[in-house]
Amino acid sequence: MNQKYLFGFAAALLMMVFVIATLVHNTEKGERLDDMVTQNRSALVRDHSPTLGAADARVHIVEFLDPACETCRSFYPFVKQMMAAAPGRIRVIVRYAPFHDGSDQLVKMLEAARMQGKFWETLEAMFASQPNWAAHHNPQPDLVWNYLDGVGLDMAKLKADMASSAVEAAVRQDLEDARALNVTKTPEFFVNGRPMPSFGYEQLQNLVQDELKAAY
């Protein structure tokens, strides 16, 4: 009988040690992420970064995205819903993270469209048509041109700007910043400089709500 109780006590003790070790690991991981962001805060936003929302908003969501990423497409309306629920209080900043094959051309297209004041319209056209040109995780960037007619872009200028050194530099800078911030997948979010503790809709919403409460 004593051996049975002793075994149960030992098992409970091992479980407690495991739980404590997990909590410590997650805490240390979170602290490392916070330290990394603090050390690389200048890498969160650049002058060329497209923004949406009030200039004086106190909650800033920085999103590293890839136009060919299906999860980025699914998060886009979710982020806009959060903005609509807190009018004037949230500002979104987009960074380029072309991790899929061929996505470097897509983000160059977006950056060239930004130079015409058409970034958000182009991004929405890409997301709306994404199932047609990136089905089964197989993006075909050349097909995107078929879905940009309604955006109002000067196509000749767009193609010329895509090949420009300014666009190349903007995309290269975003990739360097992504590496500095340890961004390895898309979408990746930072809210007022804070990285998400884990990935998911609820986690992003909770982080945004925390910052809204603190700021307002």
- Counted residues, region 71-96 - those being of a type in the set (Ser, Thr, Tyr) and surrounded by fewer than 16 Cβ atoms within 10 Å (Cβ to Cβ): 2
- Item | region 78-102, residues that are within 22 Å of Ala170 (Cα to Cα) and either more than 15 Å from the chain's Cα centre (by Cα) or modelled with pLDDT under 95 (or both) | His100, Asp101, Gly102
- Query: For region 42-77, how many residues meet the condition of being modelled with pLDDT of 95 or more, out of contact with any helix residue (DSSP H, G or I) (no Cβ under 6 Å at 6 or more places or on another chain) and part of a helix (DSSP H, G or I)?
  - Reply: 6
- Task: Within region 102-140, track down each residue that is assigned to a helix (DSSP H, G or I), touching a residue at least 60 places away in the same chain (Cβ under 8 Å) and over 24 Å from Asp47 (Cβ atoms).
- Result: Phe127, Gln130, His137
- Note on the structure: Those residues of region 169-193 which are buried (at least 16 other Cβ atoms within 10 Å of the Cβ) and outside any loop (DSSP other than H, G, I, E, B) amount to Ala170, Val171, Gln173, Asp174, Leu175, Asp177, Ala178, Glu188, Phe189, Phe190, Val191
- Message: Just the residues that are closer than 18 Å to Leu181 by Cβ and either of a type outside the set (A, V, I, L, M) or surrounded by fewer than 18 Cβ atoms within 10 Å (Cβ to Cβ) (or both), please, taken from region 52-70.
- Response: His60, Glu63, Phe64, Asp66, Cys69
- Which residues, counting only those in region 194-216, are in a loop (DSSP other than H, G, I, E, B) and touching a strand residue (DSSP E or B) at 6+ places or on another chain (Cβ under 6 Å)? Met196
- Do we find a residue being under 17 Å from Tyr96 (Cα atoms) and at pLDDT below 95 anywhere in region 111-124? no
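From the list Met196, Met162, exactly one residue is assigned by TED's automatic domain parsing to the domain that holds Glu70, hydrophobic (A, V, I, L, M, F, W, C) and modelled with pLDDT under 95. Which is it?
After applying the criteria, what remains is Met196.
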- Message: Residues that are of a type in the set (Phe, Trp, Tyr) and closer than 28 Å to Asn192 by Cβ: does region 135-154 have at least one?
- Response: no
- Task: Kindly provide the set of residues from region 127-175 that are in contact with a Lys or Arg (Cβ under 7 Å, 6 or more places away or on another chain) and aliphatic (A, V, I, L, M), ordered by number.
- Result: Val151, Leu153, Met162, Val167, Val171
- If you scan region 193-214, which residues turn out to be under 19 Å from Gln81 (Cβ atoms) and touching a residue at least 24 places away in the same chain (Cβ under 8 Å)? Tyr201, Leu204, Gln205, Val208, Glu211, Leu212
- Task: Return yes when Asp34 is closer than 18 Å to Ala178 by Cβ, among the acidic types (Asp, Glu) and either modelled with pLDDT of 95 or more or in a helix (DSSP H, G or I) (or both) and no when it is not.
- Result: yes
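The values are calculated or read from the model by the stated rules, or taken from the named source; none is laboratory data. Model, not experiment: these values are computed from the prediction. Positions of Cβ are generated from backbone atoms using ideal geometry, with glycine treated the same way; all protein chains shown enter the neighbour counts.
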